[in-house]
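**Q** Input: one structure, supplied below.
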Amino acid sequence: MKITNVELIEAHVWRWVRVSTDEGLSGIGELHGGSGGSGTPFTVAGAVRYMAEYLVGKDPLHIEKHLQHMFRRQLFRGGSDPMAAIGAIDCALWDIKGKAAGLPVYALLGGPTRERIRLYVHLTGASPGELADDARRRVAEGYTAVRFYPLGQFNGGVFGSASYSAIARIVEERVSAVREAVGPDVDMMIDVVNRLTPPEALLVARVCDPYNLYFFEDPIEPDSMEAQAEFTRRSPVPIATGERLQTIYQFSDLLSRNAAAFVRPDISLAGGISGIKKIAAIAEAHYVGVIPHNPMGAIATASCAHLDASLHNVPVQEYPGDEWEKPKLDLVPDPLEFDSGYLVLRDTPGLGVELNDEAVKHYPPRSSGRAPVINRDGSLRDY
């Protein structure tokens, strides 16, 4: 069997890579936007073409060999765009391998370590009351863990405009409202998307200490491992980070410094199923949980589920919570079954989900840009 085509597919704000073969089997993987988090992801599309240059004509079943070649034929390795392409392609190759073997991917990864996948869901709402209402709704649906943005979402929050004292007040209002809504036994997480300085983030951690957070995600910018380690040492609540890291070497550096209680490798950015299996092994040796980053669509969710099923140290999985709504349901009409806060594993060969090519035609690609976050003095905080 040989690879005949590596195709980039785009619809709405989502992207996929389909790998086709001369025996009629094909596999699908979901593609992160890479460096195109603000604007159109032109460079990740180029990275897919670069990987296709190597892959066409190769045996799709030699997954580890291809992972090594795709990574090492980059003389200047890593980076979000080539790693996003590698990760999506890796998932597509596992999809093909499962279909060729007539087995679900998790069976090829050593078999399931669990019967179902526990989920946490994103809450929506701009005010404490709105967050609390959404939290009650989600708990009624069966979720045992919820996550939200206590300072607002990305560039729509108060980042850069709130004083030090206001940050404490705003966070406590929202965290206390959600805790009261869900009760004492539902796990609660917060995320500030790397937008706080270490003093601001430490303030948030101290404010949240009485509310028993499961984790505080991405408190500070991700580039300095020393700063991450020092912050984690001082924080009174567990820290989760890693969605902006891409290689096993970066995660090894993070873990060797005890800089996180949970790591968040992205299913596309961190080398796909193969890459995260390696990261998870390092994390397991440090007693660190792996919670794959997944803000994308149903194909990414399925890839995460197969990975989660095969790993010992996955306590919970990020889940957008909208895969049964349009347009996602049009694009992937048969997502994994949701059952009272869990995903149900399937024994379907491969990843067990497929993209609806006809629906793709009705959702033209859109840019998913973010505006810059500007401080009160006019300086740039982040995007």
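The values are calculated or read from the model by the stated rules, or taken from the named source; none is laboratory data. Here the structure is a predicted model, which is why all the values come from computation and not from measurement. Counting neighbours? That spans all protein chains shown, and the Cβs are built from the backbone with ideal geometry, glycine included.
**Q** For the structure I just gave you, tell me whether Ile279 is in contact (Cβ under 8 Å) with a residue 60 or more places away in the chain, part of a helix (DSSP H, G or I) and buried (at least 23 other Cβ atoms within 10 Å of the Cβ).
**A** no
**Q** When the stretch 133-152 is examined, which residues are found to be of a type in the set (A, V, I, L, M) and under 23 Å from Pro219 (Cβ atoms)?
**A** If the condition is that a residue be of a type in the set (A, V, I, L, M) and under 23 Å from Pro219 (Cβ atoms), then Ala135, Ala145, Val146, Leu151 are the ones that fit.
**Q** In a loop (DSSP other than H, G, I, E, B), modelled with pLDDT under 95 and assigned by TED's automatic domain parsing to the domain that holds Arg137: does that describe Gly321?
**A** For Gly321, the condition - in a loop (DSSP other than H, G, I, E, B), modelled with pLDDT under 95 and assigned by TED's automatic domain parsing to the domain that holds Arg137 - is met.
**Q** Considering only helices (runs of 4 or more DSSP H) fully contained in the stretch 186-256, which possess at least 2 residues that are of a type in the set (D, E, K, R)?
**A** 198-208, 225-234
**Q** Could you grab the pairs with beta carbons closer than 7 Å, sequence gap of 6+ or different chains, first residue in the stretch 63-79 and within 20 Å of Ile96 (Cα to Cα), second one among the acidic types (Asp, Glu) and at pLDDT 95 or above?
**A** Filtered contacts from the stretch 63-79: Ile63/Asp90; Leu67/Asp90.
**Q** Report yes if some residue within the stretch 41-55 is over 23 Å from the mean Cα position of the chain (by Cα) and either assigned by TED's automatic domain parsing to the domain that holds Glu323 or under 30 Å from Asp347 (Cα atoms) (or both); otherwise report no.
**A** Yes, there is a match, as at least one residue in the stretch 41-55 is over 23 Å from the mean Cα position of the chain (by Cα) and either assigned by TED's automatic domain parsing to the domain that holds Glu323 or under 30 Å from Asp347 (Cα atoms) (or both).
**Q** Condition first: touching a residue at least 40 places away in the same chain (Cβ under 8 Å) and either in a helix (DSSP H, G or I) or not acidic (Asp, Glu) (or both). Now tell me which residues in the stretch 128-142 satisfy that.
**A** Across the stretch 128-142, the qualifying residues are Pro128, Gly129, Leu131, Ala132, Asp133, Ala135, Arg136, Arg138, Val139, Gly142.
**Q** Let me ask you something else. For the stretch 1-120, list the strands (runs of 3 or more DSSP E) that sit wholly inside it and hold at least 3 residues that are buried (at least 24 other Cβ atoms within 10 Å of the Cβ) and touching a helix residue (DSSP H, G or I) at 6+ places or on another chain (Cβ under 8 Å); which are they?
**A** In the stretch 1-120, the matching strands (runs of 3 or more DSSP E) lie at 14-21, 26-30.
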